[in-house]
Amino acid sequence: MTKFRLVLATIFLSLSASAQQVPIEIHDQLVPQSTETRKLALTLDACSGKYDDDLIEFLIRNRIPATIFATKKWIDHNTFGVSIIKAHLDLFDVEDHGENHIPAVIGMGRKVYGIPGEPDLIHLRREVLEGARAITETFGIAPHWYRGATVEYDIQAIEEIEKMGYKIAGFSVNADAGATLSRLSIEKRLAHLKDGDVIIAHMNKPASDSAEGLSASLIHLLQRGFTFTRLDQVNLQETMETQQKERKELDAVR
Ligand SMILES: [Zn+2]
């Protein structure tokens, strides 16, 4: 746990017991590297739903590496998509997005964007472990990164996931807002990327504009000299945006 998250955990504990805990959204960027090239990481969530063939085929055609966060649920329902990814593990890293896409917030009745969280830490551990097991059994990869559904976490969930040996993958640029944005909006969001940015997008909604918006933007980024890396080859560090969001929310809690 980073230093300021520890401080925040202490603040949380000092709040009155009746105060509702507010989940944290972790913002990360790549740990700076000494190379001349400008690096980005593209992360794609496969939550539930389908396989976005257009997006993955585009990445394969253009040799753009990506990190795929897959749930067991998605793996079980997308045999074809799994076979394509499996045939291109030189390009794609696959990491843990849980068993059933349950947000890492703890307590009966807790929800994020309307999706119920976990009743307790035992259920959270199962979500993380069964997600990891599905990836290892399907792709032969032991995941080291975890990204919870909705990318929101309670402090105690963060502690538990890290205790289990997983690093939590945040992001710095939300490209498609859960595959709900138009092509133009996606292009706008990706027009001002900087070295070290971590992009989050979705590969589970083929009817969305995500493939179109990302394709146009990524080509442009390649032309501007950016290169792409995968999370199994780099490390991430939290940005001040995590802290600011938490502070703001803590103020709201008070
Ligand atoms: Zn998801």
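The values are calculated or read from the model by the stated rules, or taken from the named source; none is laboratory data. Quick caveat: nothing in here was measured; it's all calculated off a predicted structure. Note that we place each Cβ from the backbone using ideal geometry, even for glycine, and neighbour counts take in every protein chain shown. Please note that ligands, DNA and RNA were not included when accessible areas were found on the heavy atoms of the full protein model with its side chains. Shrake-Rupley method; radii C 1.70, N 1.55, O 1.52, S 1.80 Å.
For the stretch 47-76, which residues satisfy the criterion of being of a type in the set (A, V, I, L, M, F, W, C) and within 16 Å of the ligand (Cβ to nearest atom)?
Result: CYS47, LEU55, ALA66, ILE68, PHE69, ALA70, TRP74, ILE75.
Are there strands (runs of 3 or more DSSP E) fully within the stretch 38-113 with at least 1 residues that are touching a Pro at 6+ places or on another chain (Cβ under 8 Å) and of a type outside the set (Asp, Glu)? List them.
38-46, 92-96
So, in the stretch 146-160, of the ones that are among the β-branched types (Val, Ile, Thr) and within 15 Å of the ligand (Cβ to nearest atom), which residue ends up surrounded by the most Cβ atoms within 10 Å (Cβ to Cβ)?
Among them, the one singled out is VAL151.
Which of the residues spanning the stretch 236-254 are modelled with pLDDT of 60 or more and open to solvent by less than 70 Å² (accessible area, probe 1.4 Å)?
The answer is LEU236, GLN237, GLU238, THR239, THR242, GLN243, LYS245, GLU246.
Right, ILE102: within 18 Å of the chain's Cα centre (by Cα), open to solvent by less than 60 Å² (accessible area, probe 1.4 Å) and among the β-branched types (Val, Ile, Thr) or not?
yes
Let's see how each residue does on (1) charged (D, E, K, R); (2) in contact (Cβ under 8 Å) with a residue 40 or more places away in the chain:
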| site | (1), (2) |
| --- | --- |
| ASN62 | no, yes |
| LYS86 | yes, yes |
| ASP96 | yes, yes |
| GLU137 | yes, no |
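Considering ALA177, ALA201, which residue is open to solvent by 20 Å² or more (accessible area, probe 1.4 Å) and either without any contact (Cβ under 8 Å) to a residue 40 or more places away in the chain or not charged (D, E, K, R) (or both)?
ALA177
Look at the stretch 40-49 and say how many of its residues are closer than 18 Å to PHE171 by Cβ and open to solvent by 10 Å² or more (accessible area, probe 1.4 Å).
Within the stretch 40-49, residues that are closer than 18 Å to PHE171 by Cβ and open to solvent by 10 Å² or more (accessible area, probe 1.4 Å) number 1.
Confirm whether ILE115 is in contact (Cβ under 8 Å) with a residue 60 or more places away in the chain and more than 18 Å from ASN78 (Cα to Cα).
The answer is no for ILE115.
Residues in the stretch 184-192: is at least one out of contact with any Ser or Thr (no Cβ under 6 Å at 6 or more places or on another chain), crowded, with 19+ Cβ neighbours inside 10 Å and among the β-branched types (Val, Ile, Thr)? Give the steps one after another, and end with the answer.
The first filter runs over the stretch 184-192 and keeps only residues out of contact with any Ser or Thr (no Cβ under 6 Å at 6 or more places or on another chain), leaving 184-186, 188-189, 191-192.
Of the ones still in play, those that are also crowded, with 19+ Cβ neighbours inside 10 Å are 186, 189.
Within this subset, residues satisfying the condition of being among the β-branched types (Val, Ile, Thr) are 186.
There is at least one residue in the stretch 184-192 that is out of contact with any Ser or Thr (no Cβ under 6 Å at 6 or more places or on another chain), crowded, with 19+ Cβ neighbours inside 10 Å and among the β-branched types (Val, Ile, Thr).
Restricting attention to the stretch 50-93, and to residues there that are of a type in the set (Gly, Ala, Ser) and surrounded by 20 or more Cβ atoms within 10 Å (Cβ to Cβ), which single residue is nearest to GLY131 (Cα to Cα)? So that I can check it myself, show each step before the final result.
From the stretch 50-93, those of a type in the set (Gly, Ala, Ser) are 66, 70, 81, 83, 87; that's our starting set.
Checking the rest, the ones that are also surrounded by 20 or more Cβ atoms within 10 Å (Cβ to Cβ) come to 66, 70, 81.
Details: ALA66: 19, ALA70: 8, GLY81: 17 Å.
Only one residue tops the list, namely ALA70.
One residue is enough: does the stretch 224-231 have a residue meeting the conditions closer than 20 Å to ILE56 by Cα, of a type outside the set (Ser, Thr, Tyr) and open to solvent by 10 Å² or more (accessible area, probe 1.4 Å)?
Checking the stretch 224-231: at least one residue is closer than 20 Å to ILE56 by Cα, of a type outside the set (Ser, Thr, Tyr) and open to solvent by 10 Å² or more (accessible area, probe 1.4 Å).
Would you check if there is a residue in the stretch 180-193 being modelled with pLDDT under 95 and either within 12 Å of the chain's Cα centre (by Cα) or away from the ligand (no atom under 16 Å from the Cβ) (or both)?
Yes, the stretch 180-193 contains at least one residue that is modelled with pLDDT under 95 and either within 12 Å of the chain's Cα centre (by Cα) or away from the ligand (no atom under 16 Å from the Cβ) (or both).
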